[in-house]
Amino acid sequence: MLKNYFKTAVRNLRRHRFFSAINIFGLAVAMSVCMAMIMLVADQMSYDRYNTNANRIYRITTIDVDENGNIRKGNKYNSASSMPLAAELKEKYTSVEDAVHLRRGFGNGWLELEGQDLNIPLSGFFADENVLAFFQYELEYGDAQTALRDPFTVVLTRKAANKLFKDDNPVGQTLKVGDQGLYTVTGVLKETNRKSHIVFEGLASMATLKSLEQSGKISASSADWSDYWQGWTYILSRDVSSSDQLQHDLDKIYNEHIAPMKQGVHKMRFGLQPLLRITPGAIMNNSIGPQLPWEFVYFLGGLALVILITSCFNFTNLSIARSLTRAREIGVRKVAGAARMQIFAQFMVESVVVAFSALVIAVLLLVVLKPMILDLSFSKAFRWDLNEGAVVYLVFIVFALAVGVMAGLFPAVVLSGFQPIKVLKNLSNVKLFSRMGMRKALLVSQFTLSLFFIVTVIVIYKQLDLFTHQEHGFNVKNNIMIRLGRTPHQTLKTELQKYNNITAVAAASHVPAAGTSHGTSIQRQIENASHVNANIFYVDEDYEANMHLNVLAGEFFDAEKKTTASGFVVINAAAVSTLNFGSPQEAVGETVMFVNDSTSKTILGVVANYNHRDLTRQITPLVLLYKPEAFSVMQVAYVGPYEKAVESIERAWAVVNPGMKVDHAPVESEINKFYEFVFGDLVKVLGFISFLAIVISCLGLLGMATYATETRVKEISIRKILGSSSGSLVLLLSGGFIKILFISIMIGAPLAWFVNTLWLEQIAYHTTVGPAVIGLSIFVLSIFAVLTIGSQTVRATFVNPVDNLKNE
């Protein structure tokens with residue numbers, strides 16, 4: 001029986017090639033997008049699953065609390081934790097079988113967008129000596145028990161070893177890591193297809209830290225319970241079900257080490273995050289590696305689902321539209337003894353055959369789509385590879401089956417319900433969904449979604465354009481950023497100032513408005529003063545001149561006047577207002593206290609507000625502090641051609657760092673990189689989705705228009721004989737579809753305006769959804785729709801009445 005269903009399905013697909021092609025291609029396009037989403041989720045779900053102890057491993061998280069130990073509302077968890085925590089848990093608490101700690105500071109970080117020191121050859125962390133056994137990393141060369149025991153030893157990944165050394169086995173050789181010194185290679189990891197949320201090229205021994213902290217090359221935090229940002233702690237519980245006991249132990253540690261700290265010191269409580277819930281997982285600050293948040297999965301999944309539903313609408317629409325052409329077939333089969341369930345099964349098999357045919361094409365489309373997806377900034381940042389496997393292809397097959405059932409269920413129920421006496425006696429009296437307007441409703445839904453996507457893409461593009469051209473309130477033109485790495489800022493500045501085309505050189509902790517922000521809490525030293533959350537930039541005395549800042553009161557840092565001492569700060573006008581000073585002049589000379597370490601500093605001056613954070617946020621309180629050890633970038637203002645300025649920078653760098661590369665970029669490009677990363681990808685993704693939505697909708701409209709003209713050929717022939725012009729016939733055939741398009745616009749335009757206005761209002765500096773945006777979107781949609789309708793209605797006017805009426 002099933003074999004006969006399959007044969008009949010194939011014959012019907014061949015007989016109606018045009019409509020079958022529309023259904024198959026529409027489903028294939030939608031399925032390819034959904035399959036890419038399946039591959040993405042499968043990729044993320046494979047992280048850390050190789051570890052046999054994965055269900056007993058937890059990462060310790062932290063979250064802000066007030067003086068009473070209560071969690072502050074609205075704060076996100078931080079994936080990092082205090083440095084001494086691992087040893088404390090391992091040595092004193094029986095609920096923990098093993099613990100390991102990793103710390104930043106060795107090599108570069110994992111996220112390329114944060115910027116890398118070109119002169120440090122690899123990225124990685126300092127790690128405890130038991131890290132290899134804990135995470136079950138296998139060594140190709142070296143001894144896992146002793147590889148990270150001694151100071152200045154490092155274990156490399158296979159790729160890093162190939163990059164740095166010519167020998168296949170580099171164990172025993174040394175490499176220089178910045179100014180930290182020489183490290184001896186004691187191990188090389190095996191190259192496997194295992195995936196971990198911890199991304200590194202090398203792991204250096206934790207024993208190295210003590211020497212580096214003593215020399216001042218790395219900030220001392222090994223014994224600091226209040227430093228929650230430098231390292232990550234992982235524990236292996238003794239029992240799968242011991243999370244409650246572990247949390248109890250963490251609360252006890254908080255009460256012993258954190259709660260007793262003096263008032264004003266930053267405090268955080270500890271929490272637990274299972275290893276298998278890190279990625280995909282909740283959004284967290286201070287990620288140790290690529291972590292896909294569930295919100296991102298839901299967003300992409302929602303877009304894919306919309307496209308799939310749109311495509312299924314086509315299938316349903318065309319199936320219902322062609323129902324009358326198969327009504328006699330259904331009637332005859334029922335008279336011959338076929339049960340409704342058999343008719344239902346026949347149509348479901350046809351639907352599944354279409355879905356599996358679409359699956360073949362979707363796999364081919366996926367080959368084309370994959371490079372485009374991997375080229376996105378998000379893909380590069382989160383290191384997606386979208387590898388296929390047997391499990392993924394099995395999911396594809398199940399997915400295709402589900403799509404076939406979903407697309408064909410409704411038509412199968414409707415068509416199998418035809419009554420033989422009605423469809424065989426007088427087919428013309430069969431009116432399917434004449435009152436409900438099902439087919440029209442489906443087309444309206446498709447074009448409404450298409451219009452919504454078009455408007456959204458244009459709005460996001462306009463928003464991106466606004467970000468990249470909006471004034472920030474400081475000098476971004478003719479300003480070049482240099483990453484200092486371990487280079488002494490004053491030495492490089494002195495060398496740069498020798499060139500006539502260099503006008504102002506300033507050192508800072510990070511580039512303003514580029515997506516990176518450092519925070520602190522301050523308060524006035526008066527009774528009942530409340531904490532004020534502020535951003536902090538560490539800058540030198542020339543920052544004002546380089547940035548073209550406007551000093552409203554007091555003065556900026558001055559080395560000759562000794563105001564670069566650590567006891568002075570400069571704040572912005574927003575901080576003046578938030579700290580409840582009457583004016584900038586009143587704030588100068590007053591004292592503020594830094595909550596995290598209870599130090600007091602005198603306000604030296606007040607600068608006018610400028611957008612020190614990205615333009616998605618309002619201007620917030622800002623503190624500028626002179627702290628040379630925190631400088632990581634240098635901003636170089638220049639006159640004349642950009643190429644000449646770069647040439648001067650390279651010459652100065654070569655004097656200070658002979659044989660080393662200089663990492664530089666225009667300040668404006670660094671700022672715009674953040675917006676391109678977030679909104680640029682959105683434009684690409686939503687633009688592609690919009691295109692697919694329009695194509696699928698137009699395919700459905702094409703099928704409906706073709707069917708409508710086919711069923712009215714005799715009517716058109718008679719009208720032509722009676723003298724109707726081609727123009728009047730086109731209007732007659734197109735009228736119903738133009739109404740559908742008009743209704744879609746009436747629904748889609750307000751919907752698109754409302755939704756886009758809603759999210760735009762969450763952004764500090766935003767564009768608007770004006771008449772021009774709506775008008776352009778309607779024009780684009782109308783062009784596609786009119787061309788689709790016209791291609792069939794115009795063709796219908798060329799029919800030969802004689803050929804169509806000669807048998808009547």
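Observations on the structure shown:
- Check on Glu629, within 30 Å of Gly567 (Cβ to Cβ) and in a helix (DSSP H, G or I): yes
- Among the candidates Ala559, Ala574, Ala565, Ala587, residue that is in contact with a helix residue (DSSP H, G or I) (Cβ under 9 Å, 6 or more places away or on another chain) and of a type in the set (A, V, I, L, M, F, W, C): Ala587
For every residue, the table says whether it meets (1) in contact with a strand residue (DSSP E or B) (Cβ under 9 Å, 6 or more places away or on another chain); (2) in a loop (DSSP other than H, G, I, E, B); (3) crowded, with 20+ Cβ neighbours inside 10 Å.
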| site | (1), (2), (3) |
| --- | --- |
| Thr192 | no, yes, no |
| Ser211 | no, no, no |
| Ser219 | no, yes, no |
| Gln245 | yes, no, no |
| His266 | yes, yes, no |
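- Long-range neighbours under 8 Å by Cβ, at least six apart or interchain, first residue modelled with pLDDT of 85 or more within region 588-607, second acidic (Asp, Glu): Thr602/Glu590; Ile603/Glu590; Leu604/Glu555; Gly605/Glu555; Val607/Glu544
- Any hit, region 607-616, residues being assigned to a helix (DSSP H, G or I) and open to solvent by 10 Å² or more (accessible area, probe 1.4 Å): no
- Within region 516-550, restricting attention to residues that are part of a loop (DSSP other than H, G, I, E, B) and β-branched (Val, Ile, Thr), the residue that is modelled with the highest pLDDT is Thr516.
- Hey, Ile526 open to solvent by 60 Å² or more (accessible area, probe 1.4 Å) and β-branched (Val, Ile, Thr) or not: yes
Here's the yes/no breakdown for (1) at pLDDT 90 or above; (2) in a strand (DSSP E or B); (3) open to solvent by 10 Å² or more (accessible area, probe 1.4 Å):
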{"site": "Val455", "(1), (2), (3)": "yes, no, no"}
{"site": "Tyr461", "(1), (2), (3)": "no, no, yes"}
{"site": "Leu466", "(1), (2), (3)": "no, no, yes"}
{"site": "Asn475", "(1), (2), (3)": "no, no, yes"}
{"site": "Ile480", "(1), (2), (3)": "yes, yes, no"}
{"site": "Thr491", "(1), (2), (3)": "yes, no, yes"}
{"site": "Thr494", "(1), (2), (3)": "yes, no, yes"}
{"site": "Asn500", "(1), (2), (3)": "yes, no, yes"}
{"site": "Val505", "(1), (2), (3)": "yes, yes, no"}
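- Within region 220-237, the set of residues being more than 32 Å from the chain's Cα centre (by Cα), small (Gly, Ala, Ser) and farther than 25 Å from Leu132 by Cβ comprises just one member, Ala220.
Residue-by-condition table, conditions (1) surrounded by fewer than 19 Cβ atoms within 10 Å (Cβ to Cβ); (2) of a type outside the set (Val, Ile, Thr); (3) over 40 Å from the mean Cα position of the chain (by Cα); (4) within 26 Å of Val476 (Cα to Cα):
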site	(1), (2), (3), (4)
Val539	no, no, no, yes
Asn546	no, yes, no, yes
Val551	yes, no, no, yes
Phe557	no, yes, no, yes
Ala565	yes, yes, yes, no
Phe568	no, yes, no, no
Pro584	no, yes, yes, yes
Val588	no, no, yes, no
Thr602	yes, no, yes, no
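- Flag set for Ala513, criterion: modelled with pLDDT under 90, open to solvent by less than 40 Å² (accessible area, probe 1.4 Å), under 20 Å from Val633 (Cα atoms) and under 35 Å from the mean Cα position of the chain (by Cα).
- Scanning region 57-89 for residues that are open to solvent by 10 Å² or more (accessible area, probe 1.4 Å) and either closer than 12 Å to Ile253 by Cβ or at pLDDT 90 or above (or both) returns Tyr58, Pro84, Ala87, Glu88.
- Restricting the first member to region 395-409 and to residues that are in contact (Cβ under 8 Å) with a residue 12 or more places away in the chain and more than 10 Å from Leu27 (Cβ to Cβ), and the second to residues that are assigned to a helix (DSSP H, G or I) and acidic (Asp, Glu), the beta-carbon pairs closer than 9 Å and six or more apart or on different chains are Gly408/Glu350.
- Verdict on Met35 being buried (at least 18 other Cβ atoms within 10 Å of the Cβ) and in contact with a strand residue (DSSP E or B) (Cβ under 9 Å, 6 or more places away or on another chain): no
- Residue within region 287-297 that is open to solvent by less than 50 Å² (accessible area, probe 1.4 Å) and modelled with pLDDT of 80 or more present: yes
- Conditions (1) touching a residue at least 12 places away in the same chain (Cβ under 8 Å); (2) open to solvent by 80 Å² or more (accessible area, probe 1.4 Å): number failed by Ser237: (2)
- Only one of the listed residues (Ser669, Ser690) is surrounded by 14 or more Cβ atoms within 10 Å (Cβ to Cβ), closer than 26 Å to Gly302 by Cα, of a type outside the set (A, V, I, L, M) and out of contact with any strand residue (DSSP E or B) (no Cβ under 7 Å at 6 or more places or on another chain). That residue is Ser690.
- Residue count for region 146-194 under the criterion of being closer than 29 Å to Thr487 by Cα and of a type in the set (Asp, Glu): the result is 2.
- Test result for Phe399, open to solvent by 20 Å² or more (accessible area, probe 1.4 Å) and either farther than 23 Å from Gln44 by Cβ or out of contact with any helix residue (DSSP H, G or I) (no Cβ under 8 Å at 6 or more places or on another chain) (or both): no
- Considering (1) at pLDDT 90 or above; (2) out of contact with any Gly (no Cβ under 9 Å at 6 or more places or on another chain); (3) surrounded by fewer than 21 Cβ atoms within 10 Å (Cβ to Cβ); (4) not in a loop (DSSP other than H, G, I, E, B), the lone condition that Glu140 does not fulfil carries the number (2).
- Qualifying positions in region 97-120 - part of a strand (DSSP E or B) and at pLDDT below 90: Gly107, Asn108
- Selection from region 146-171 of residues that are modelled with pLDDT of 90 or more and open to solvent by 40 Å² or more (accessible area, probe 1.4 Å): Thr146, Arg149, Asp150, Pro151, Phe152, Asn169, Val171
The values are calculated or read from the model by the stated rules, or taken from the named source; none is laboratory data. Remember, it's a predicted structure, so these values are computed and weren't measured experimentally. All Cβ positions, glycine included, derive from the backbone under ideal geometry; neighbour counts span all protein chains shown. Just so you know, the surface numbers come from the protein's heavy atoms only, side chains and all, with ligands and any DNA or RNA stripped out. Shrake-Rupley method; radii C 1.70, N 1.55, O 1.52, S 1.80 Å.
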